[in-house]
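So the structure is just underneath, and the comments pick up after that.
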Amino acid sequence: MENKRLKLIDAQCCICESADAAPIGAGEDFEYRTSSDTFLAMRCNSCELVYLNPRPDISEFERIYPPSYHAFDFSEQDFGIVYKIRSRLEAKRLLSLCKDLPKDARILDVGCGDGFHLKLLKKYGEKSWTLEGVDVDKRAVRMAEESGLKIHAGSIEELNLPENFYDLTLMIQTVEHLENPLESLTAIKNVLKPKGKLIIVTDNTDALDFKIFKGSYWGGYHFPRHWNLFNAHSLAKLAAKVGFETVEIKTIVSPVNWVYSVHNALVDWNAPRFLTNRFTLKSTASLSAFTSLDMVLQKFGRGALLRAILQKP
Ligand SMILES: [Zn+2]
C-alpha cells in the first residue's frame, strides 16, 4: 500500500484558469506516508497562487486522508493541555467575529470536520443561534453528529442549501483542501444573505516559514492534501472574481506550520524518533516556542495564517 503510486491528474491555477506557472517546491507526504510519490508545488506567474500539480484524483480521497488524520482525532483525551489552550484561543477569535450577529443568526461552517468550531460556538455563543456544518468526509460527519450538531454531508456545490439564508459562513482551514475554490466560494455566496459574511482562514504563503521551508519541507504544503495555497494578493483576487467584497485580510498567529516544517525536515534527514516527536501537535514546548516567534512576525503583518473577512454585496 505505502509504495503504490497515487492516481494523479493535471491541475492549473483556479483563479487565472491558466497553467502559466513555475515550480517552487517539491516534497513527499512526510506526515502520513500515504504514498511514495514526490509532489510538485507550482506558483502562478500572474496571481501568485501556489498549487499542487499534478494532484491526486478525487478517487484517492480515502487514501490521502487516512483514519489517523489529525482533523479526525483532535480530542481533549488525546491532546490534553494543547486542546484546552487551542479551544480557548479559537473560541475568543470566533466570538470576536460573531459580535455583530443578530440573536436569530444562522451560521454555517463549511468543511467543519469533527465540528470543533461549531462546538465552541454552541458552548460559548448565543443559545439562539442556528449552527450547521458541511463536510464531504463521512467519518468527520459522523463524529460531528455524535456531538449533536446538524451537519450536511456532501460538498457545498452539490448540497442545494437554501439561497439567501445564512448570516455567517466559515471556512477555517478548508479552502486549501478544495478541488475548485472558485466554485465553492460561488456556492457559499449563493447561500449567504445580502451583506452576509464569509470568514476564510488559511495558510499564508507570504509568511517567513514559507520563505525558509518552501523548497520542500513547508508544513503548509501538507503534501498531497493542500491543493491551493494563498497569500493576501491571490486570496483577494479569488474573492473579487467570485463577487465578494473584501472587508479585511490580515494575518494571524499560528505555530502549526513551523512545527510541521521542522518535523518534515527531521523526518527526511532520518533523525531519531525522540527528536522528531518533539515537533508534533502534541509537543507543548515547540508549540509555545513557535507561537512566541509567530507573535513577533505577526507584529510585522507576517503571521503564519491568513484571515479574510468577505462580504456578499
Ligand atoms: Zn493565477
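The values are calculated or read from the model by the stated rules, or taken from the named source; none is laboratory data. Quantities reported herein were computed from a predicted structural model and do not represent experimental measurements. Cβ sites come from the backbone with ideal geometry, for glycine too, and all protein chains shown count toward neighbours. Accessible surface is based on the protein model in full, side chains and every heavy atom, while ligands, DNA and RNA are left aside. Shrake-Rupley method; radii C 1.70, N 1.55, O 1.52, S 1.80 Å.
Within region 229-269, restricting attention to residues that are aromatic (F, W, Y) and assigned to a helix (DSSP H, G or I), the residue that is nearest to I309 (Cα to Cα) is W258.
Here is a check on your reading of the model: is A187 over 30 Å from D37 (Cα atoms), at pLDDT 95 or above and away from the ligand (no atom under 16 Å from the Cβ)?
yes
Hey, any hits in region 149-157 for a residue that's open to solvent by 50 Å² or more (accessible area, probe 1.4 Å) and of a type in the set (S, T, N, Q)? So far as region 149-157 goes, no, none of its residues is open to solvent by 50 Å² or more (accessible area, probe 1.4 Å) and of a type in the set (S, T, N, Q). For region 219-242, the set of residues classified as over 24 Å from T291 (Cβ atoms) and either within 16 Å of the ligand (Cβ to nearest atom) or open to solvent by 30 Å² or more (accessible area, probe 1.4 Å) (or both) consists of W227, N228, H233, S234, A236, K237, L238, A239, A240, K241, V242, listed by residue number. Listed conditions (1) among the polar types (S, T, N, Q); (2) at pLDDT 90 or above; (3) surrounded by 12 or more Cβ atoms within 10 Å (Cβ to Cβ) are all met by S59, apart from (3). Among the residues of region 1-52, which ones are within 16 Å of the ligand (Cβ to nearest atom), part of a strand (DSSP E or B) and over 25 Å from V256 (Cβ atoms)? Selection gives A21, A22. Residues of region 251-295 that are open to solvent by 70 Å² or more (accessible area, probe 1.4 Å) and within 22 Å of T205 (Cα to Cα): M295 alone.
In the set (1) surrounded by fewer than 17 Cβ atoms within 10 Å (Cβ to Cβ); (2) among the acidic types (D, E); (3) touching a Phe, Trp or Tyr at 6+ places or on another chain (Cβ under 6 Å), the condition left unmet by E248 is number (3).
Looking across D78, D114, one residue alone is under 24 Å from G133 (Cβ atoms) and either in a loop (DSSP other than H, G, I, E, B) or in contact with a strand residue (DSSP E or B) (Cβ under 7 Å, 6 or more places away or on another chain) (or both). It is D114. Only one of the numbered conditions (1) over 25 Å from F39 (Cα atoms); (2) open to solvent by 20 Å² or more (accessible area, probe 1.4 Å); (3) outside any helix (DSSP H, G or I) is violated by S216, and that is (1).
Of all residues in region 7-47, those satisfying the criterion of being of a type in the set (D, E) and under 18 Å from the mean Cα position of the chain (by Cα) are D29, E31. Find the residue count for region 263-307, including only residues that are within 17 Å of A232 (Cα to Cα) and hydrophobic (A, V, I, L, M, F, W, C). Summing the residues that are within 17 Å of A232 (Cα to Cα) and hydrophobic (A, V, I, L, M, F, W, C) in region 263-307 gives 5.
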